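Some notes on the structure that comes next.
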Amino acid sequence: MSGDIYLTQEGYEKLVNELEQLKTVKRRALAKAIGEARAYGDISENAEYDAAKDAQAHNEKEIAELEDKLARVRILDKNIPKDQVLIGAKVKLLDMDTEEELEYTLVSELEADYSQGKISVTSPVGAGLLGYKVDQVAEIKIPAGTLKYKIIQISR
């Protein structure tokens, strides 16, 4: 794959820890499961052995994918302008229809987690907010209609 992946330092460390977990703990557990399944006898008709080998192959694929992503990571610079909604920005918004205040952090797809208020810059809302400044109103078209958000505050 090609293309840079922009992450916060926190997101980068999370991926590094996930990779380490897959390479050490999970690899050992799968090797042990393969060894135990092998002990059951004839591996040509051994469902436990086949399942363990499949799990091992899946783990190795995940490791390769993570290593590829980590090779393309660019950690977000702390010197990104703070007066504009860009990746890495924490944005406080006012929903112009409901008068509800919302707060999102714009991150890459790899870090997106709506339950933590982290939305991807490629999502409709994330992409629709990019480039706006404080006191501007963003009109974002989504499948269910149009959202109108006033930018109240931008921080990093």
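The values are calculated or read from the model by the stated rules, or taken from the named source; none is laboratory data. Every value quoted in this text rests on a predicted model; they were computed, and no experiment measured them. With ideal geometry, Cβ positions are generated from the backbone for all residues, glycine too; neighbour counts draw on all protein chains shown.
Here's a check for you: in segment 32-63, which residue that is of a type in the set (D, E) and free of Cβ contacts under 8 Å to residues at least 40 places away in the same chain is nearest to L22 (Cα to Cα)? The selected residue is E60.
Across segment 69-79, not a single residue is classified as loosely packed, with under 13 Cβ neighbours inside 10 Å, acidic (D, E) and assigned to a helix (DSSP H, G or I).
Among the residues of segment 74-93, those identified as at pLDDT below 90 and of a type in the set (V, I, T) are I75, I80, I87. Among the residues of segment 93-145, those identified as within 26 Å of E10 (Cα to Cα), small (G, A, S) and either over 24 Å from the mean Cα position of the chain (by Cα) or outside any loop (DSSP other than H, G, I, E, B) (or both) are S115, S120, G126, A127, G128.
Annotation note: Cβ proximity below 8 Å between a residue of segment 87-109 that is at positive phi and a residue that is surrounded by fewer than 17 Cβ atoms within 10 Å (Cβ to Cβ) and acidic (D, E) (sequence gap 6+ or interchain) occurs for no pair.
For segment 1-50, the tally of residues that are surrounded by fewer than 13 Cβ atoms within 10 Å (Cβ to Cβ) and of a type in the set (K, R) stands at 2. The set of residues in segment 105-149 being among the aromatic types (F, W, Y) and either surrounded by fewer than 19 Cβ atoms within 10 Å (Cβ to Cβ) or touching a Gly at 6+ places or on another chain (Cβ under 7 Å) (or both) consists of Y114 alone.
Being touching a helix residue (DSSP H, G or I) at 6+ places or on another chain (Cβ under 8 Å) and among the charged types (D, E, K, R): is that true of E13 here? No, not satisfied.
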